[in-house]
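S.K.: One structure follows; several queries about it will come next.
The numbers here are math on the coordinates, done by the rules we state, and not lab data. Keep in mind the model is a prediction, meaning the values are calculated, not measured. Cβ: placed from backbone, ideal geometry, glycine included. Neighbour counts: every protein chain shown.
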Amino acid sequence: MQIKHFFRPITFIVYFFALTLTASLSWAQFYFAGEDGYRLWLKYDELQDQTRKKHYQKQLQSVLVEGQSPTSEVIRQELSYALRGLLGKALPNKTSIANHQLIVGTPQNSSLIAELQLAELADLGKEGYLIRKQKVRGKTVTVIAANTDIGALYGTFHFLRLLQTQQSIDQVSIVSAPKMDLRVLNHWDNLDRHVERGYAGQSIWDWHKLPDYQEQRYYDYARANASIGINGTVLNNVNADPLILTPQYLEKAAALADIFRPYGIKVYLSVKFSSPQLIGGLKTSDPLNPEVQRWWQEKAKEIYSIIPDFGGFLVKANSEGQPGPGDFGRSHAEGANMLADALASHGGVVMWRAFVYANEKNEERSKQAYSEFKPLDGQFRNNVLVQVKNGPIDFQPREPFSPLFGAMPKTPLMMEFQITLEYLGFSTHAVYLGTLFKEVLDSDTYAKGAGSSVAKVIDGSLFNNNISGIAGVANIGTDRNWTGHIILQSNWYVFGRLAWDHQLSAREIADEWVRMTLSNDAEVVATVTDMMMDSREITVNYMTPLGLHHIMDEGHHYGPGPWIKDLGRDDWTSVYYHRASPSGIGFDRSPSGVNAVEQYFPPVRDLYASPETIPEEFLLWFHHVSWDYKTRSGRTLWDELVHRYYQGAADVTAMKNTWNSLQGKIDPYQFRQVQMALGIQEKEAYWWRNACVLYFQSFSKKPIPTGLEKPQGTLEEYMKLKFPHAPGQGK
Ligand code: GCV
């Protein structure tokens with residue numbers, strides 16, 4: 001799978017001539033050889049620690065994977081590929097049962113495992129597993145057991161992770177089951193392969209060549225997802241093309257579903273609510289119209305006839321120009337229920353998005369999803385999940401959690417995170433999202449008193465929901481390294497790991513990802529993990545400190561644009577959100593303003609209601625304060641704001657230097673990729689700093705605090721910058 005460019009003779013010759021002909025080329029050009037990132041965290045390179053390797057070799061001389069299903073075959077292949085790589089040794093093809101040291105299977109496909117009568121399996125459901133040293137017919141072996149083949153596959157990946165991260169397997173004893181049912185990637189991929197908010201190339205789905213041409217990448221995508229427990233994928237953009245439901249495209253989706261099935265991954269589709277009119281020839285898409293209902297029922301039947309385990313529909317309705325039940329005077333519940341009824345008998349679900357805001361409502365944007373959906377609690381069918389973005393606006397570098405979490409006890413709420421960095425620097429900034437995800441998941445809603453975390457709302461445990469789920473808007477594209485640069489692979493990884501177990505810490509997941517992707521060297525692991533853990537806060541500081549939000553340039557959302565005003569709608573502009581004026585800055589969402597705090601449960605509501613008690617990172621989200629307002633550092637608001645912008649930018653320089661200190665300790669190509677990205681990030685961090693400080697200074701009229709350099713450039717210069725072809729824009 002990996003192409004070692006440098007070692008191919010032809011490549012070597014090309015490099016040689018390039019070097020001699022261009023004397024100015026530095027040796028750095030050679031650093032493009034190496035690990036290109038395609039293998040993600042499933043590299044399985046031979047372990048460098050010889051003692052550890054020998055120890056593993058002794059315990060893994062012979063492996064038995066039970067079962068004949070396609071999933072068992074996948075397990076067999078993955079184990080043999082991985083162990084050959086990690087241990088540098090092919091496994092013997094056949095040994096007698098008595099000699100097996102690792103056995104993988106289920107009580108159904110393995111008499112050896114059935115004999116063990118493993119009581120823990122009773123609590124592990126369809127996807128859980130156990131990994132344990134166990135006496136089997138008198139001999140101690142490692143057992144990976146589950147109730148299903150998919151569970152055994154997850155257990156296998158966990159076991160391989162232990163080896164990849166060089167942990168002891170001597171006394172291994174692990175029992176694990178996912179905390180959420182649906183762990184789903186949302187691809188905002190169009191049928192022409194443009195990815196909305198995608199910064200890593202085109203869509204990996206080659207719709208034109210499907211169903212017959214099946215890329216190796218589809219299989220590697222499935223392996224990667226299965227390795228972190230992701231069990232569903234929504235193939236197409238929520239701004240859906242109705243053609244996805246035509247036979248021509250369903251056949252293509254079916255081909256992908258066939259590939260993903262052995263890996264435990266179900267296919268879902270985003271659908272356009274007006275499909276009955278657009279492709280069905282009906283005069284209406286009114287959800288209460290019997291003909292429309294019949295159309296969806298027939299469509300569901302057609303889908304299940306070719307994708308028997310089809311997951312269901314994701315719907316963006318009456319949002320940003322998309323059609324929906326509101327067009328016919330119906331509620332979101334009536335729309336969702338019609339689709340849910342069509343899918344119910346086949347076992348499908350509807351993931352209905354709560355990302356709605358409308359001009360006509362004349363209500364502040366951050367409050368609208370709550371106002372619209374809370375009254376519908378209890379009205380949805382039991383195969384509907386309402387999918388809520390983590391914050392009340394739109395995937396900003398920092399937002400408070402959406403007040404809907406905790407507010408709809410009778411409805412399963414699904415989390416929607418954004419893995420792609422639409423608002424955090426596209427694919428050239430190194431921002432690890434583990435800390436952002438955890439901050440949201442661990443937030444206490446107080447819906448049922450202290451301890452009612454967002455995580456407990458979405459995993460269904462707080463309100464005892466019948467189904468639970470979490471979605472992540474994918475950052476995946478055709479770039480050889482999948483995600484733009486290597487560090488951003490960690491965001492795909494951490495999403496999957498937290499979807500499986502939200503109690504894991506962001507740090508332990510970063511640590512494990514670094515070991516599997518970059519190196520097990522202690523210095524590399526510590527340095528990169530620290531860097532990743534700080535990276536999101538650094539980004540908040542140079543983009544949107546102290547609760548500022550939505551001040552990026554318009555449309556593409558690339559770079560700073562606090563001056564953006566006069567667009568089609570106020571709540572698409574930056575000035576709507578920061579409200580800077582000569583007297584101060586920030587959005588008054590307290591009781592003296594639009595009172596968005598009322599949507600939270602006490603004591604959050606009370607804490608957020610006053611600038612004195614609100615956590616400072618949300619100050620300007622909920623309050624308009626004067627430039628002289630005293631912040632907790634003792635500085636005035638103006639000085640604190642400027643300090644944070646400066647600190648953020650300086651921290652990127654520090655991060656770049658830290659990374660540079662790892663040269664020679666990381667694969668050269670991996671090193672170079674991140675080095676280049678950090679170079680861009682550094683430039684852009686200073687751009688953000690200078691543009692925002694100069695802009696806000698035009699209101700505060702205050703000097704840059706002593707000791708800080710003057711921003712380079714002028715505000716006018718920054719305001720003139722235009723990026724009409726910035727990637728990932730909506731079409
Ligand atoms: C898919 C934001 C993005 C849009 C996206 C929308 C959504 O507004 O900028 O590109 O559309 O959110 O989540 O539906």
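S.K.: Quick one: work out Rg over Rh on the C-alpha atoms of the stretch 182-517, Rh as Kirkwood radius.
M.R.: Reported Rg/Rh, Kirkwood definition of Rh: 0.94.
S.K.: Follow-up question, since we're still on this one. Which trypsin sites (Lys or Arg not before Pro) in the stretch 406-454 sit in a loop by DSSP (not H, G, I, E or B) and have at most 13 other Cβ atoms within 10 Å of their own Cβ?
M.R.: Numbers: sites: K410, K438, K448; in loops: K410, K448.
Here the trypsin sites (Lys or Arg not before Pro) that fit, given the DSSP loop and packing criteria, are K410.
S.K.: Pop a pseudo-label 7 angstrom from the Cα along the beta-carbon direction at both Q77 and R217 and give the gap in nm to one decimal.
M.R.: Here the answer is 1.8 nm between the modelled labels.
S.K.: Then there's this: Which of rounded, prolate or oblate describes the stretch 449-488 when judged by the alpha-carbon gyration tensor and an a/c cut-off of 1.5?
M.R.: Verdict is prolate for the stretch 449-488.
S.K.: Same structure again: Tell me what the chain gives for mean residue ellipticity at 222 nm when only DSSP H runs of n ≥ 4 count, each as -39,500 (n - 2.57), the sum divided by the residue total, rounded to 500 deg cm²/dmol.
M.R.: That comes out to -11500 deg cm²/dmol.
S.K.: Next question, about the same structure. Rounded to whole Å, give me the distance from the Cα center of the stretch 330-405 to that of the stretch 449-474.
M.R.: Taking the Cα centre of the stretch 449-474 as reference, the centre of the stretch 330-405 is 15 Å away.
S.K.: Hey, could you get me the Stokes-Einstein D for the chain, Kirkwood radius over alpha-carbon pairs, 4 °C and 1.567 mPa s, rounded to whole µm² s⁻¹?
M.R.: Translational D for this selection: 48 µm²/s.
S.K.: Contour minus end-to-end for T714 and D327, with contour as 0.36 nm per residue of separation and end-to-end as the Cα-Cα distance?
M.R.: Difference between extended and current length: 134.6 nm.
S.K.: Could you check the spin-label model distance between E508 and K126? Points 7 Å from the Cα along Cα→Cβ, value in nm.
M.R.: 2.7 nm
S.K.: Let me ask something else about it. Determine the alpha carbon to alpha carbon distance for each of K54/K135; K565/K702; K54/K89; K179/K367; K126/K179; K179/K438 and list only those over 18 Å.
M.R.: Check vs 18 Å cut-off fails for K54/K135; K565/K702; K179/K367.
S.K.: Taking a point 7 angstrom from the Cα of I704 along the C-beta vector, which residues in the stretch 666-692 have backbone N less than 19 Å away?
M.R.: 682-692
S.K.: Within the set K252/K301; K316/K720; K58/K133; K266/K299; K683/K720; K266/K361, which residue pairs have Cα atoms separated by over 26 Å?
M.R.: Among K252/K301; K316/K720; K58/K133; K266/K299; K683/K720; K266/K361, the Cα-Cα distance tops 26 Å for K316/K720; K266/K361.
S.K.: Still on this model: Multiply the residue separation of T284 and Q297 by 0.36 nm, subtract the distance between their alpha-carbon atoms, and state the gained length in nm to one decimal. List each step's numbers first, then the result.
M.R.: Numbers: separation 13, 0.36 × 13 = 4.68 nm, distance 1.55 nm.
Stretched out fully, the T284 to Q297 stretch lengthens by 3.1 nm.
S.K.: Defining a contact as two alpha carbons under 8 Å apart and six or more residues distant in sequence, what relative contact order in percent does the chain show?
M.R.: Details: 1393 pairs, mean separation 85.6, N = 731.
The normalised contact order for the chain reaches 12 percent.
S.K.: Loop only by DSSP, 16 or fewer other Cβ within 10 Å of the Cβ. Give me the trypsin sites (Lys or Arg not before Pro) in the stretch 267-372 that pass, ordered by residue number.
M.R.: K283
S.K.: Another question, if that's okay. Given R₀ = 25 Å, FRET efficiency for V575-K374 by Cβ-Cβ distance, to 0.05?
M.R.: 0.30
S.K.: Then there's this: Given 10 Å bins starting at zero, what is the percent of C-alpha pairs of the stretch 47-176 in each, up to the one with the largest pair distance?
M.R.: Once binned at 10 Å, the Cα pair distances of the stretch 47-176 give 13, 49, 34, 5.
S.K.: Which of the trypsin sites (Lys or Arg not before Pro) across the stretch 643-675 are loop residues per DSSP, with 16 or fewer other Cβ within 10 Å?
M.R.: Passing sites in the stretch 643-675 are K665.
S.K.: Quick test of the membrane-span-like rule: which DSSP H helices of the chain reach at least 20 Å along their long axis (C-alpha atoms) with mean Kyte hydropathy at least 0.0?
M.R.: Both cut-offs are met by 70-87, 149-164, 522-543.
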